[in-house]
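Contents: one structure, followed by commentary.
The values are calculated or read from the model by the stated rules, or taken from the named source; none is laboratory data. Every value quoted in this text rests on a predicted model; they were computed, and no experiment measured them. Cβ: placed from backbone, ideal geometry, glycine included. Neighbour counts: every protein chain shown. Note: areas computed on protein heavy atoms with side chains; ligands, DNA, RNA excluded. Shrake-Rupley method; radii C 1.70, N 1.55, O 1.52, S 1.80 Å.
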Amino acid sequence: MPVKKLTEGFLLSVSQFFKQEFRVLFLNLFKWLLISAILGAIVGSASALFLVSLEYVTDYREQHTQIIYLLPLAGLAIGLLYHYFGKEVVKGNNLLIEELQSPKKVIPLIMAPLVFAGTIITHLFGGSAGREGTAVQIGGAFADQFTKLFKLSPADRKVILICGISAGFASVFGTPLAGAIFGLEVFIIGSLFYTAILPSFLTAVIADYVCKIWGVGHTHYHVDFVPQLNALNLIYTLCGGVLFGLAARLFSSLNHGFSTLFSKIKYPPLRPVIGGIILVIIIFATDAFKYIGLGIPAIVESFQIQQPYYAFAVKIFLTALTLGAGFKGGEVTPLFFIGATLGSFLSIFIPLPVALLAGMGFVAVFSGAANTPLACMIMGIELFGSTSGIYIAIACVAAYLFSGHNGIYSAQKIGSSKFYLPKKIL
């Protein structure tokens, strides 16, 4: 009898435990499915509008190149907008990362229209910038408004911010899995915030789906041939990864260097004016029209034709100057340009297919600069197919290690060191 009672009591407690746990799990699933659906629809629609607008202004600039002469005035407009209306959000992506690490107050919604307008103006008048930063900031700004709307706890606020970041990234590049992991990985180097894994994936997938429903497509890249991995190809891939990491390191250092240099100009709206003047002189003096804006045609060409040795370096300089001077836009698409053109050029020395090297560089330089190797591996597989996955993964990890601990996001904290140095070296 005692044994029977003990067994019945044990089974009853187990039953109650599972009832309670599953009730919590299903309630949590329903809550985040509802929030993710609303947020994903908003961010996916905003990304669709942004991508269409970006395509329009890019086409206009390419047909009217003389508009580039007005880049300094465009810089003044952006500087004045942020100086008088956006001081609280001028940090951009770094503000989102800081709020994830040490929550203080809800991010002002004005971040979304300001970064949208600033990026469109930058691209219209010939600045060299990307689009990821804009989409992520739009996603983060909209997401944080849900904190007040749904009266979310501090823990849930961190989750919703990650969802906004994931949704923006996923929808602007058409890579929902990479977007979801990027949101989990970006704010602490060497760590993932698994508490947000379900909401992050839900929001990223929904945002990407909504963006596509609007009929907005994304650029397709092709890696037609992937050789069998052997010892020699492994060494070639590691060598390429190291070079990609050093390129990422150079970009991050130059970007921060220009930001520091322009910060010496005390009146912020003048910074992009002076930067714009320098950019106009360089663009027209060197015929560098290929390297402004997103540079998508050059990226696509990198998968087909070997690029010149200087292409990646020019893009590094122009993008670092553009962003360091205070123009708006992201760093990621320029990093794709840098990596793809560098990988394409390296096919002279590394006996791997041009398209494969371009694809490796495309994601590996981003991996090193953003300190997000897992997101970049998944992005490579989403964009180029699983057959290139091993090469992509090795290149991303090597680039991540050799880029150092400082990346494009200065607010990132180190959760786990990339490597351990002997005390004698330290």
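Take the conditions of a type in the set (Gly, Ala, Ser), more than 21 Å from Gln412 (Cα to Cα) and out of contact with any Gly (no Cβ under 8 Å at 6 or more places or on another chain) and apply them to Gly118. Does it pass?
Numbers: of a type in the set (Gly, Ala, Ser): yes; more than 21 Å from Gln412 (Cα to Cα): yes; out of contact with any Gly (no Cβ under 8 Å at 6 or more places or on another chain): no.
Here the answer is no, as Gly118 does not meet what is asked.
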Practice prompt. Kindly indicate whether any position in region 370-387 is farther than 28 Å from His256 by Cα, open to solvent by 10 Å² or more (accessible area, probe 1.4 Å) and of a type in the set (Gly, Ala, Ser).
Written response: yes
Fill in: Pair list, Cβ < 6 Å and 6+ apart or interchain, from region 303-327 residues that are open to solvent by less than 30 Å² (accessible area, probe 1.4 Å) to residues that are of a type in the set (Ser, Thr, Tyr) and part of a helix (DSSP H, G or I)
Gln307/Thr341; Gln307/Ser344; Ala311/Thr341; Lys315/Tyr291; Leu318/Tyr291; Gly324/Ser259; Phe327/Thr122
Worksheet entry | Which numbered condition Asn94 misses (of (1) among the polar types (S, T, N, Q); (2) within 23 Å of Lys315 (Cβ to Cβ); (3) surrounded by 17 or more Cβ atoms within 10 Å (Cβ to Cβ)) | (3)
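Of these, Val242, Val223, which one is in contact (Cβ under 8 Å) with a residue 60 or more places away in the chain and surrounded by fewer than 22 Cβ atoms within 10 Å (Cβ to Cβ)? Quick ask: steps written out before the conclusion?
Numbers: Val223 fails: surrounded by fewer than 22 Cβ atoms within 10 Å (Cβ to Cβ).
Going through Val242, Val223 in turn, the sole match is Val242.
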Practice prompt. Sort out which residues of region 165-187 are surrounded by fewer than 24 Cβ atoms within 10 Å (Cβ to Cβ) and either touching a strand residue (DSSP E or B) at 6+ places or on another chain (Cβ under 6 Å) or small (Gly, Ala, Ser) (or both), and write them in order of number.
Written response: Gly174
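Give the residue, chosen from Leu294, Leu321, that is assigned to a loop (DSSP other than H, G, I, E, B) and among the aliphatic types (A, V, I, L, M). So that I can check it myself, show each step before the final result.
Values: Leu321 fails: assigned to a loop (DSSP other than H, G, I, E, B).
Selected residue: Leu294, the only one of Leu294, Leu321 that is assigned to a loop (DSSP other than H, G, I, E, B) and among the aliphatic types (A, V, I, L, M).
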Item to complete: May I ask you to verify whether Gly126 is in a loop (DSSP other than H, G, I, E, B), touching an Asp or Glu at 6+ places or on another chain (Cβ under 6 Å) and not hydrophobic (A, V, I, L, M, F, W, C)?
Response: no
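Among what's in region 98-119 and is among the hydrophobic types (A, V, I, L, M, F, W, C) and closer than 15 Å to Gly330 by Cα, pick the residue that is surrounded by the most Cβ atoms within 10 Å (Cβ to Cβ). Write out each step before concluding.
Initial filter on region 98-119 (among the hydrophobic types (A, V, I, L, M, F, W, C)): 100, 106-107, 109-112, 114-117.
If we keep only those that are closer than 15 Å to Gly330 by Cα as well, we get 111-112, 114-117.
Numbers: Met111: 23, Ala112: 24, Leu114: 24, Val115: 28, Phe116: 21, Ala117: 16.
So, considering only residues that are among the hydrophobic types (A, V, I, L, M, F, W, C) and closer than 15 Å to Gly330 by Cα, the one surrounded by the most Cβ atoms within 10 Å (Cβ to Cβ) is Val115.
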Discussion item. Can you tell me which of (1) modelled with pLDDT of 95 or more; (2) under 19 Å from the mean Cα position of the chain (by Cα) is the one Ile282 doesn't meet?
Written reply: (2)
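Quick one: count up the residues across region 123-170 that are β-branched (Val, Ile, Thr) and closer than 21 Å to Val332 by Cβ. Can you show your working first?
First, the residues of region 123-170 that are β-branched (Val, Ile, Thr): 134, 136, 138, 147, 159-160, 162, 165.
Subset that is closer than 21 Å to Val332 by Cβ: 134, 136, 138, 162, 165.
The qualifying residues number 5.
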